[in-house]
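J.: Let me begin by handing over the structure; questions about it come next.
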Amino acid sequence: MSKIDQTEALTQVSRPSRYLGGELGSICKLDTDIEVRMALAFPDVYEVGMSHIGFPILYNILNNLDWVSAERVYSPWADMEQWLRDNQQPLCSLESSLPLSEFDIVGFTLQYELSYSNLLTMLNLSGIPLRREQRDETAPLIVVGGPCAFNPEPLADFFDVALIGDGEEAVVELVALVRQGRQENWTRKQLLQQLVKLEGFYIPELFDVSYQTNGCIDKIIPLQQGYDKIRRRFLNDLETAPFPTRPIIPFMQTIHNRVAMEITRGCTRGCRFCQAGYIYRPVRERSPEKIRELIAESLQNSGFEEVSLLSLSSGDYTCIEPLLQQLMAEYADDRISVSLPSLRVGSLTPALMEEVKKVRKTGFTLAPEAGTERLRELINKGISADDLLESTKTAFHLGWRLIKLYFMMGLPTETDVDLQALIELSAQVKKSGKGTGGNDVNVAVSTFVPKPHTPFQWEAQIGIDETLRKQRLLRDGLRQKKLRFKYHGAESSFLEGVFARGDRRLSAVLERAVELGCRFDGWWECFDFSKWQQAFADCNIDPAWYLRQREEDEVLPWEHIDCGVPKKFFLSERHKAFKGVETLDCRDGVCHGCDICDFEDLKMRLIDVVGKEGVSPKTIVENKIKVDATEQLTRIRLKLSKSGRARMVAHLEYLKMFQRAVRRANLPIRFSQGFHPMPKISYLEALPMGVSSEAELVDLEFLSNIPIDDVIKKINVQLPEGFKIIEGDIIPWKSPSPSASVASSCYRVPLPKEVPTDLAQRIINFLAADQILISRIKKGMEKKVDIRPNVLELYQIEDELHIELIIGGPLQVAAQLLELDIEEIRRLGVRKTGITLKD
C-alpha cells in the first residue's frame, strides 16, 4: 500500500479543505489485515458529494466490517486536476491518500447525467484505463450505482458492474465475493460469473446490442443463458436498515451541512414525469421512535444545528405532524432547527405549516410543475390552482416573505396557452400575499427531460431553439408581473436529455468530450457546449436524434434493466395521461397493479398511527453537564494550537468547526438573542490560510461555573486532528474580546533556499522607513496599504525571519523582504509562535 503525500498541493489550490481529509467521523484503516479496500467515488466536488445521503450509509456499512476499508474520493476542481497532472501525481483517497488504482473496488454513484465526464476524468487521473477491455487483472473493479444506473448504457464500455437499486445489502455481498475471489485466486471473469448469480448486478459485457439501419436498437442480446434481465435490488424494510449516527463533519460549508434523516423511501403519488417515484417504490417508512433515536445520536455525535427530514415527499409521511411537533419541542432549547425540504401542496395542512414556520420564514418552496389544470392532470400531479393559492396565502399570512415556485416547460402537449397560464398562476400567488407585509415570488422553470422507467420515457424533448423561445416568452411575461425568473441552460438540458435516454454508442462521444476538456458539465462556469458539439461531430453522431419521440414497440436501451415496474404499466399510464385520467395514490388503499409488491416481504410499509402521538422525550446524554436553575455566568479563555493540515482550514470553517465541537462536548454554552441565536464564542482575528499557530485564543461564555480542566478535556476529545487546546483559564466577565486583548503576535517565517543577498540591509531599511506601501486588489480596485506601522520587531534568527506585529498577518511583510509573492511565502510553512497580552 503506497500512501502519497500531496500536502504541497493544498497551498496552491482554491478551497483546500476539499482535499484535507481527517474530518471528525472519518475512518482510516491502515491495518495490514484489511482484505478488501473500496473507494466510494463521487463524480463532483467535495461539497456536493458530502451532501449526498447514500454515501455515508454505505461508508458506515462497509467500515463496520473489520476486514473492509471504505474510503472517499471526489472529483478535483480544475486547479487541483492541473496540479496532479503537472506533478504527475495520481488521484488519491481522502482517508489514507491511497491512489485509486490500488483499491480493489472503485464504486461511483451516478446521481445526474452531467457528471459523466467527471467519472472518466477521475479514472484518467488515477491511471486506470478508461475502457473495460483495456484493463487487466490488477485493475480495480469499476462499479456504478445510483439513479442513473437504471440506464447505464452510455457508460457501458467503462464500468465492470452496475448495482441496480438499493445498495445496503448488495454492497456487503459485493465485497464478500471480492474477498472470496482473492482468497481463491479467481480471475476477473470468474468474479463476474459469481456476481451474475446475485440479484441487482448488471454485467454489461454479457450483453451485445445490434442496431437497425435507421439507428434504432434492433436487439439487446444476452450472451449468457438465463441472464437476460437484471431485476432491481430491494431493501424490504427501512426500519431495520442500518443508518449512520456518527456523520463525517466537514471542515468546509457543504451544500447540505446538517443531520440528514431519511424518514421514508419511495413515493406512490405517481407523477408521470418523475423517475424517482418509480425506481424507489414501494413506500417504506421509519417509525417515529426510530427516527427520533437516530436523530438524537446523530446530533450528539455531530454538533449540527439543523435536522432535515428527507423523503421524496416528507409531508406524506404518516405521522409527520406529531413527529415534527415533538422534534421542535425537544430541540428548541438547544437552538436546533428542523426542516422539511420536500413539501407537496396536497400534503400541506394548516397544522403542518404552523410547525414549519417556527424554523425560518425566508423562503417557502412549492412545485406545481405546470400552469394549467389540463397539464397537471396529464402529469398526474393531483393538485389544483385553488390548493396552491390556499397554501401560498396561508404561508404569507404565517410570516413567509418569499414563495419559490418550480415549474417545467416542454411537457407533452404543452402550448403557449399553458405557458401564459403559468405566468398568470404565478401572478396570482403573488397576489395571495397582498397585505401581509411581503409577497415576493421566485419562479424557476426547468426543461422537461424524459427519463427511463417512467410513463413519459417515450416522449419527445424540445430542442435548444424551442427551449430558448419558450424561455423568452416566460421571461417577458413574468417580468411584466414583477416576478423573478430562473431557468436551466438550454444547452445543458439538451445534453442531459441525450444521455438520459442514450445508448452504448454515446461512450465514444463521452470519451472524445473528455479528451477535448469537458469537465463539470453541471456547472455553468465550466460547461462548454461547443466542445460537446465537436465531440458529437467527431463521432458522426447527431445528438438531436436522441431527443425524438420513441415508438411504443421500440426496443429501448434500458429494456434489460428491470426496475420492478413492468413496461405494460408505463404504457397504461401514458395512455391515461393523454386521456386526462388520474391515477390515485395507492397508499389510500387502491392497488393499481404496478407489480412492485409481492405483499409478503416486499410491500408498502406504513406506520400505524395508533398510539404514535405520545412518543417519550429524548434521552438525555449521560455525560451532559447539568445547569443549575440559577445561572452562574462564567467566561473562559482557551489557548489552542493549529498545526499540520489544520493550517489549511479557512477562518470561517475553523469557527464553525469549533462551535460544533462545543455542542458535541455538551457544555452549557450561552446563546445570543434574536431569530438566529448564535453561541457566545469569540475568536482572534483571522489567521492567514496556510499559517500554523501555537497561540490562538477563544473565549466562551457559559451559563454555569465549570472546572477548566473539564472544559479542556471535553472539547479536545471533539476536535479533529491538528487542533488542540493547550491551556485555559476563567477570566473576568467583562474582559475585552480576544482580539482586543492582544498587544502583539509573533511569527516565524522559514527562509527559502535562495534569499536576497542584502536581506540584513533590507530589514534595517524596513525598520527605518516611515511607511512601506504595497498594492492590494480589493473588489477589482487597486489600493495602497502601509504595512510599516504594524511591525514592532523584525530580525533574522538562523534560517528564519522573526516578525512581531500589532495586527495583521506576516505574509505581506515577508513577501516584501524576500521579493516573493504571497503564495510562495504561504508555502514556506509560516507559523505563529506566540502572543503578548495587553496589561
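The values are calculated or read from the model by the stated rules, or taken from the named source; none is laboratory data. Bear in mind that the values here come from a model prediction, so they are computed numbers and not experimental data. A quick note on method: Cβ atoms are made from the backbone with ideal geometry, for glycine too, and the neighbour counts reach across all protein chains shown. Areas reflect the complete protein model, heavy atoms only, side chains present, ligands, DNA and RNA absent. Shrake-Rupley method; radii C 1.70, N 1.55, O 1.52, S 1.80 Å.
J.: Assuming R0 = 35 Å, what is the FRET efficiency of Ser737 and Ile763, from their Cβ-Cβ distance, to the nearest 0.05?
T.: Working: r = 32 Å, r/R0 = 0.93.
That gives a FRET efficiency of 0.60.
J.: Also, quick follow-up: Under the rule of -39500 (n - 2.57) per DSSP H run of 4 or more residues, summed and divided by the residues of the chain, what mean residue ellipticity at 222 nm is obtained, to the nearest 500 deg cm²/dmol?
T.: Values: 24 runs with 243 residues, N = 839.
Result for the chain: -8500 deg cm²/dmol, rounded to the nearest 500.
J.: Applying the Karplus parametrisation 6.51 cos²θ - 1.76 cosθ + 1.60 with θ = phi - 60° to the phi angles of region 820-837, what ³J(HN,Hα) value in whole Hz is obtained for each residue in order, glycine and proline being reported as x?
T.: The phi angles translate into 10, 7, 4, 5, 5, 5, 4, 7, 6, x, 5, 9, 8, 9, x, 9, 10, 8 Hz.
J.: Return the ratio Rg/(2.2 N^0.38 Å) for region 151-199, where Rg is computed over Cα atoms only.
T.: Values: Rg = 11.6 Å, N = 49, 2.2 N^0.38 = 9.7 Å.
Normalised by 2.2 N^0.38 Å, the Cα Rg of region 151-199 equals 1.21.
J.: Ignoring ligands, DNA and RNA, what percent of the accessible area of the chain is carbon or sulfur (1.4 Å)?
T.: On the way: 17620 of 35650 Å².
The value for the chain is 49 percent carbon and sulfur by accessible area.
J.: Under a plain spin-label model, where a point goes 7 Å from the Cα along Cα-to-Cβ, how far apart in nm are Asp799 and Arg131?
T.: So the label points at Asp799 and Arg131 sit 5.1 nm apart.
J.: With a 1.4 Å probe and all protein chains left in place, how much accessible area per residue does region 443-601 have, in Å²?
T.: 45
J.: Given R₀ = 60 Å, FRET efficiency for Lys779-Ser384 by Cβ-Cβ distance, to 0.05?
T.: On the way: r = 49 Å, r/R0 = 0.81.
Efficiency computed from Cβ-Cβ geometry: 0.80.
J.: If you work out Rg and Dmax of the Cα atoms in Å from the coordinates, which of [x] 29.3, 89; [y] 32.2, 107; [z] 43.3, 121 do you get?
T.: This structure yields the entry labelled [x].
J.: Just grab the label-to-label distance for Lys567 and Gln225, each label 7 Å out from Cα along the Cβ direction, in nm (one decimal).
T.: In this crude spin-label approximation the distance works out to 2.4 nm.
J.: Provide the three semi-axes, in whole Å and in decreasing order, of the ellipsoid equivalent to region 681-756 as defined by the square roots of 5 times the Cα gyration tensor eigenvalues. Could you put the intermediate results ahead of the total?
T.: Numbers: eigenvalues 176, 57, 18 Å².
Three semi-axes, in Å: 30, 17, 9.
J.: Using only Cα atoms, tell me the angle between helix 416-431 and the longest principal axis of the chain; keep it within 0 to 90° and round to the nearest 10.
T.: Between the helix axis and the principal axis of the chain, the angle is about 50 degrees.
J.: May I ask what percent, to the nearest 5, of DSSP beta bridges between residues of the chain are antiparallel?
T.: On the way: 57 of 104 bridges.
Percentage antiparallel, nearest 5: 55.
J.: Under 5 Å between amide H atoms, partner at least 5 residues away or on a different chain: which partners does Glu459 have, H built in plane at 1.01 Å?
T.: Here the answer is Arg550, since their amide H atoms fall under 5 Å of that of Glu459.
J.: Which listed residue (Val106, His592, Ile403) has the Cα farthest towards the positive end of the charge dipole for the chain, taking +1 on Lys and Arg C-beta and -1 on Asp and Glu C-beta about the Cα centre?
T.: With unit charges placed on the Cβ atoms, the residue in question is Ile403.
J.: Same structure again: Filter the cross-link list Lys642/Lys838; Lys639/Lys713; Lys486/Lys779; Lys404/Lys430 down to pairs whose alpha-carbon distance in this structure exceeds 19 Å.
T.: Numbers: Lys642/Lys838 23 Å; Lys639/Lys713 13 Å; Lys486/Lys779 26 Å; Lys404/Lys430 10 Å.
As for pairs spanning more than 19 Å Cα to Cα, those are Lys642/Lys838; Lys486/Lys779.
J.: Under 14 Å from the 7 Å Cα→Cβ point of Ile807, by amide nitrogen: which residues of region 730-752?
T.: 737-745
J.: Kirkwood hydrodynamic radius for region 393-537: how many Å is it when counted over pairs of different Cα atoms? Please report the intermediate quantities before stating the final value.
T.: On the way: mean 1/r = 0.0580 Å⁻¹.
Computed over Cα pairs of region 393-537, the Kirkwood hydrodynamic radius comes out at 17.2 Å.
J.: If you don't mind, another one. In whole angstrom, how far apart do the alpha carbon centroids of region 258-296 and region 391-410 sit?
T.: 23
J.: So what's the angle, to the nearest 10 degrees on a 0 to 90 scale, between helix 759-768 and the longest Cα principal axis of the chain?
T.: Approximately 80 degrees, to the nearest 10.
J.: A further question follows. What full-extension length gain, to one decimal in nm, is calculated for Asp440 and Ala329 as 0.36 nm per residue of separation minus the Cα-Cα distance? Working shown, then result.
T.: On the way: separation 111, 0.36 × 111 = 39.96 nm, distance 3.00 nm.
Length gained, Asp440 through Ala329: 37.0 nm.
J.: Sort largest first and round to whole Å: the equivalent ellipsoid semi-axes of region 204-253, each the square root of five times a Cα gyration tensor eigenvalue.
T.: On the way: eigenvalues 343, 76, 21 Å².
One finds semi-axes of 41, 19, 10 Å for region 204-253.
J.: Multiply the residue separation of Arg469 and Met678 by 0.36 nm, subtract the distance between their alpha-carbon atoms, and state the gained length in nm to one decimal.
T.: Details: separation 209, 0.36 × 209 = 75.24 nm, distance 4.71 nm.
Stretched fully, the Arg469-Met678 segment lengthens by 70.5 nm.
J.: In addition: What whole number of Å gives the distance from the Cα centroid of region 509-566 to the Cα centroid of region 737-812?
T.: Between the Cα centres of region 737-812 and region 509-566 lies a distance of 55 Å.
J.: On to the next question. Using +1 at the Cβ of each Lys and Arg and -1 at the Cβ of each Asp and Glu in the chain, identify which of Cys319, Ile221, Ile541 lies farthest towards the dipole's positive end.
T.: The Cα lying farthest towards the positive end belongs to Cys319.
J.: Also, quick follow-up: Quick one: net charge around Thr264, please, counting Lys, Arg +1 and Asp, Glu -1 for every other residue with C-beta under 14 Å from its C-beta. Walk me through the numbers before you get to the answer.
T.: On the way: positive: Arg265, Arg269, Arg281, Arg284, Arg286, Lys290, Arg344, Arg587, Arg605; negative: Asp166, Asp237, Glu239, Glu262, Glu285, Asp316, Asp585.
Computed value for this residue: +2.
J.: Here's something else I'd like to know. Taking only Cα atoms, what is the 0 to 90° angle, nearest 10, from helix 54-63's long axis to the longest principal axis of the chain?
T.: 70
J.: Take the Cβ-Cβ distance between Glu721 and Asp770 as r, set R0 to 41 Å, and report the resulting FRET efficiency rounded to the nearest 0.05.
T.: Numbers: r = 45 Å, r/R0 = 1.10.
Step by step, r from the Cβ atoms, then E = 0.35.
J.: Given contacts defined as C-alpha pairs under 8 Å and at least six residues apart, what's the relative contact order of region 398-475, whole-number percent?
T.: Values: 75 pairs, mean separation 32.7, N = 78.
RCO, region 398-475: 42 percent.
J.: What order, most packed first, do the peptides 598-605, 158-165 have when packing is the mean number of other Cβ atoms within 10 Å of each residue?
T.: Highest-to-lowest ranking by the protection proxy: 158-165, 598-605.
J.: A further question on this structure: If you stretched the chain out fully between Gln480 and Glu373, how much longer would it get, using 0.36 nm times the residue separation minus the C-alpha to C-alpha distance? Display every interim value, and only then the final one.
T.: On the way: separation 107, 0.36 × 107 = 38.52 nm, distance 2.31 nm.
Full extension from Gln480 to Glu373 adds 36.2 nm.
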